[in-house]
Amino acid sequence: MGTARARAGAGAAEAIQAAAVSRVATLARLMSVTVVGSIAFDAVSTPLGSRERMLGGSAVHFALAASFFDVVHVVGPVGDDFGQDEYAVLRGRNVDTSDVEHVAGGKTFFWRGEYGWDLNERQTLDTQLGVFADFEPKLSEASSAADVVFLGNIQPDLQSRVREQCTRARFVALDSMNYWIETARDSLIEAIGGVDCLMLNDAELRELTREPNFVRAASQVRDWGPRVVLAKQGQYGALMISHEGFFALPAYPLETVVDPTGAGDCFAGGFMGFLAAHPGEELDHELLSQAMAYGTALASFNVEEFGVERVLRLTSEEIADRVADLRRMTHFVERPVELRR
Ligand code: AMP
């Protein structure tokens, strides 16, 4: 009788332990990636065409790219003009939209930009903050428990307020752009002080730090707080300086680039998604460099068509093939040569 009870007790303990393990596993899946950033309608014109109104925004581009790696929670407001079709795009890739706040009577963030033949240069023609002007982020438990957090391009005080709520994050990265460097530089530097990694477009990094050289700019940023600094160079690729050294990858060579909008956010989505997909691993230079390859691959697909069009048709096999191509393209074997004096 005593033995039977002991066995029953042991069975119950095992069941409790199994439940706890599965809860931790479920949480690990749910802790995943959180992004705050613009959820937008974009009007874009490039030498190869134009779109008057398409789904965009830093959080949207990021989330779709990162969704190939893990569950992504999107934080941000939208207005009445954001309908079921737009939600369906995100939900179709299993992106969690519970922290997308619908502001009744409001208008969704709107951006209009134009590119000339140098696709690394773009002109902002209009920015309408809409519902972002009065947005106060309140993260759900799932969003604030994320272990990888991306503070996408948006007003830097909002980035800081999201950062403060993500108390369990093991890696937080921040992106921004000239608009915020020019209108909110102090707030931006404060927000940068709270993150592990700053990812900026090369020219914007120079503008922010007032340093013309990447190595010097990175050193200035690291004095502000982040241990990793990434400079995105559009069609030329990306550079990284971490606490352990330097790494660079070229962009994937494409014959046609249709629309570069969102490339930086897709890069971030691939990069951060890859890190999230390696829970518990040390975020060392090697892992960060591998993450850059996935960021580069995701960005390269994004620019092949307007807005999110290409990424919505993307398959995991295509991503893996492009990463393998990148590895082949950037690998070389050292061959001795006798150098003349
Ligand atoms: P990227 O090309 O990666 O820099 O990101 C382009 C996206 O950023 C577009 O989809 C725009 O909606 C969004 N965007 C443009 N200007 C701003 C801004 N000032 N703040 C936040 N998001 C912006």
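The values are calculated or read from the model by the stated rules, or taken from the named source; none is laboratory data. Computed from a predicted structure; not experimentally measured. Ideal geometry is used to build each Cβ from the backbone, glycine not excepted, and the neighbour counts take in all protein chains shown. These area figures cover heavy atoms from the full protein model, side chains too; ligands, DNA and RNA do not enter into them. Shrake-Rupley method; radii C 1.70, N 1.55, O 1.52, S 1.80 Å.
Side notes on the structure shown:
- If you model segment 111-239 as an ellipsoid using its alpha carbon gyration tensor, with each semi-axis the square root of five times an eigenvalue, the axes come out at 24, 20, 13 Å, biggest first.
- With the convex hull of its Cα atoms as the shape, segment 226-341 has an orientation-averaged projected area of 9.6 nm².
- Between Glu286 and Leu48, full extension at 0.36 nm per residue minus the direct alpha carbon distance yields a gain of 81.9 nm.
- The residues neighbouring Gly225, those whose beta-carbon lies less than 10 Å from its own, together hold a net charge of -1 under the Lys/Arg +1, Asp/Glu -1 convention.
- Stokes-Einstein diffusion coefficient of segment 168-260, Kirkwood radius over Cα pairs, 25 °C, 0.890 mPa s, in µm²/s: 179 µm²/s
- Estimated translational D of segment 28-75 in µm²/s (Stokes, Kirkwood radius over Cα pairs; 10 °C; 1.306 mPa s): 134 µm²/s
- Computed over protein heavy atoms with a 1.4 Å probe, the accessible surface of the chain works out to 48 Å² per residue.
- Highest to lowest packing among 79-90, 222-233, scored as the average C-beta count within 10 Å: 222-233, 79-90
- Computed about the Cα centre, the dipole magnitude for the chain is approximately 940 debye when only Lys and Arg (+1) and Asp and Glu (-1) carry charge, each at its Cβ.
- Cβ-derived FRET efficiency at R0 45 Å, Ala88 paired with Glu244, nearest 0.05: 0.60
- Accessible surface of Glu136 - all protein chains present, 1.4 Å probe, nearest 10 Å²: 90 Å²
- log₁₀ of I(q)/I(0) at q = 0.10, 0.15 Å⁻¹ - the chain, Debye sum with one point per alpha carbon: -0.58, -1.26
- Accessible surface of the chain [probe 1.4 Å, protein heavy atoms]: carbon and sulfur percent: 50 percent
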